[in-house]
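**Student:** Got a structure here, written out as structure tokens. Questions coming.
Please treat every number below as a calculation from the coordinates, not as lab data. Because the structure is a prediction, the values reported are computed rather than measured. Backbone-built Cβ (ideal geometry, glycine too); neighbour counts: all protein chains shown.
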Amino acid sequence: MVEQDIKVPELGINGKLDVIEVMVKPGDQITIDTPLITLESEKASMEVPASAAGIVKTILLKIGDQVASGDIILTLVSEAIEAVPSAEKTAILPTEPVIATTLELPTPISPTVSNDSTIIPDQGWQASPLVRRLARELEIDLTKIDGTGPKGRIQKQDLHAYIKMAMQKPTTSLLAPLPPIDHAAFGAIEIQPLTKIRRFSGANLHRNWLHVPHVTQFDEADITDLEAFRRSKQSETEKLGYRLTSLAFIMKATVGALQRFPEMNASLDPQGEHLILKKYYHIGVAVDTPNGLVVPVIRNVDQKSLLELAQELAAISDKARTKGLTPAEMQGSSFSISSLGGIGGTAFTPIVNLPDVAILGVSRATLKPVYQNGEFVPRLMLPLSLSYDHRVIDGAQGARFTTYLCQLLADLRNLLL
Ligand code: CAO
């Protein structure tokens, strides 16, 4: 048995290259031409094949190392040295530049990964560095692709065909498809195109509805005193050119409740294993516009006064209805509120605005007889509907949250405690 070092061959370039892939491990039986490592420069990547056959004893470099010609890749134990003249056996030099590509697949395809997330090489497949690099970036498991190149080598067109197929594949659904219906057969009809906003928000709402197991908790807050205070201040703010609406109070009280129940001010990570608790209070507010529903985000609600919130709410809802919002103005919420109080209704079930875990629905406040100290008294009651993600929030937490929120709305001095 002979032990020999397998080195990085003459690459014909100055400087060092990054090791981006190690395709063998100690104990592997390799033959001449087995790909050992992939090296990458800023513009290209190249594969270094074995120049001898044998069993890999030790690997002397790792992903992230920088290497030059002559550096040792591994030691090999062979029965007899089958060295190939270096002029004949150099690395496969870059023929294709590496293209930075991003592509969103409809359903992520799990790569075969080891603990350090490198793709486990499978002796059954072979592909060029470019193809492997693209596959790594797109998290595609190359073992699932049949190569059409020589000896089954996976070529760029094979990868493209696989991606195309994945994108065209219908999402697995247990829902029976709706049969086509000729509505005109039953009477006159008119076909109206959906606005861009409605199509976009419709797709998001559908996704959120399917992803989140919703529960909605209903409650009623006594806002008689809050409303009396609001009306007493209204003429002052109207002189300044804006209305002090009850929504500003509801936002402030909601933040008080979120501070008491931090798991409501959170997001579930995509794997469903961690809760991301947010230390900021950015509230998304659903705004009804002629083109459809949009949800601008009012940031740092905890740090703003009621008057500042009322002003900002008026400005952003006006912008949403007249000029339109930028994507940045609709991102980053930690909780959302949808108020139909100005329109009517007694309760509804809002859809959680992912990635939030809960949304508060507000309906129209009405005077109701409430039994207090032995008699019925008229009180202004505000209906609340809290929808939450049951993967994160238990029913008891949901009920505690709305109960505390009602306490805060009944007497905002509770916020100071
Ligand atoms: N109970 C009783 N009256 C209410 C109320 C409530 N809960 N909420 C608002 N009102 C009153 C206001 O006081 C105002 O009356 P005045 O002019 O006499 O003060 C009137 O209704 C109109 O209020 P508004 O709706 O214009 O203002 P707002 O600050 O309460 O709400 C906004 C702002 C942007 C949230 C609202 O205009 C809006 O677009 N709501 C629709 C949101 C939506 O479509 N949600 C559904 C999403 S599906 O999940």
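**Student:** How would you rank Tyr162, Tyr388, Tyr371, going from fewest to most other Cβ atoms within 10 Å of each one's own Cβ?
**Tutor:** Numbers: Tyr162 20, Tyr388 27, Tyr371 9.
Sorted ascending by nearby Cβ count, the order is Tyr371, Tyr162, Tyr388.
**Student:** What number results when the radius of gyration of the chain, computed over Cα atoms, is divided by 2.2 N^0.38 Å? Could you put the intermediate results ahead of the total?
**Tutor:** Working: Rg = 31.5 Å, N = 417, 2.2 N^0.38 = 21.8 Å.
Scaled against compact globular proteins, the figure is 1.45.
**Student:** While we're looking at this one, here's another question. Out of the DSSP beta bridges found with both residues in segment 255-378, what percent are antiparallel (nearest 5)? Write down the numbers at each step before the final one.
**Tutor:** Numbers: 12 of 19 bridges.
Of all bridge pairs located within segment 255-378, approximately 65 percent are antiparallel.
**Student:** OK, next. Test of understanding: ordering Glu40, Glu375, Glu47, Glu139 by Cβ neighbours within 10 Å, fewest first, what list do you get? Show your work: numbers first, answer last.
**Tutor:** Numbers: Glu40 17, Glu375 8, Glu47 21, Glu139 13.
Least crowded to most crowded, the residues run Glu375, Glu139, Glu40, Glu47.
**Student:** A further question follows. For a test of the definition: using alpha carbon positions, the gyration tensor, and the 1.5 limit on a/c, classify segment 131-228 as rounded, prolate or oblate.
**Tutor:** On the way: a/c = 3.30, a/b = 1.75, b/c = 1.88.
Verdict is oblate for segment 131-228.
**Student:** A further question follows. Could you tell me the relative contact order of segment 306-417? Use alpha-carbon pairs under 8 Å, at least six residues apart, and round to a whole percent.
**Tutor:** Values: 132 pairs, mean separation 20.4, N = 112.
Computed over segment 306-417, the figure is 18 percent.
**Student:** HN-Hα J couplings of segment 64-71 from phi, Karplus 6.51/-1.76/1.60, θ = phi - 60°, integer Hz, Gly and Pro as x?
**Tutor:** For segment 64-71, the Karplus-derived couplings read x, 5, 10, 10, 10, 4, x, 5 Hz, x marking Gly and Pro.
**Student:** Then there is this: Compute the Cα gyration tensor for segment 305-417, then decide on rounded, prolate or oblate, letting a ≥ b ≥ c be the square roots of its eigenvalues: rounded whenever a/c is under 1.5, prolate when a/b is larger than b/c in the other cases, and oblate in all that remain. Mind dumping the intermediate values first?
**Tutor:** Details: a/c = 1.87, a/b = 1.42, b/c = 1.32.
Prolate shape, in that a/c is at least 1.5 and a/b is the bigger ratio.
**Student:** Give me a comma-separated list of calculated 3J(HN,Hα) values for segment 321-326, in order, Karplus coefficients 6.51, -1.76, 1.60 applied at θ = phi - 60°, integers in Hz, x for any Gly or Pro.
**Tutor:** Result, ordered by residue: 7, 9, 9, x, 10, 7 Hz.
**Student:** What does the helix-only formula give at 222 nm for the chain: each DSSP H stretch with n ≥ 4 adding -39500 (n - 2.57), the total divided by the residues, and the result rounded to the nearest 500 deg cm²/dmol?
**Tutor:** Result for the chain: -8000 deg cm²/dmol, rounded to the nearest 500.
**Student:** Right, next: Most mobile of Val370, Val287, Val19 per a Gaussian network model of the chain (Cα springs, under 10 Å)?
**Tutor:** For the chain, modelled as a Gaussian network with Cα springs under 10 Å, the answer is Val19.
**Student:** Which ³J(HN,Hα) values in Hz, rounded to whole numbers, follow from the phi angles of segment 381-395 under the Karplus curve 6.51 cos²θ - 1.76 cosθ + 1.60, where θ = phi - 60° and Gly and Pro get x?
**Tutor:** Each residue's phi maps through the Karplus curve to give 10, 9, x, 10, 10, 9, 9, 9, 7, 5, 6, 10, 10, 7, x Hz.
**Student:** Same structure, new question: Between Met264, Met251, Met23, find the one with the highest GNM mean-square fluctuation for the chain; connect C-alpha pairs within less than 10 Å.
**Tutor:** Ranking Met264, Met251, Met23 by mean-square fluctuation puts Met23 first.
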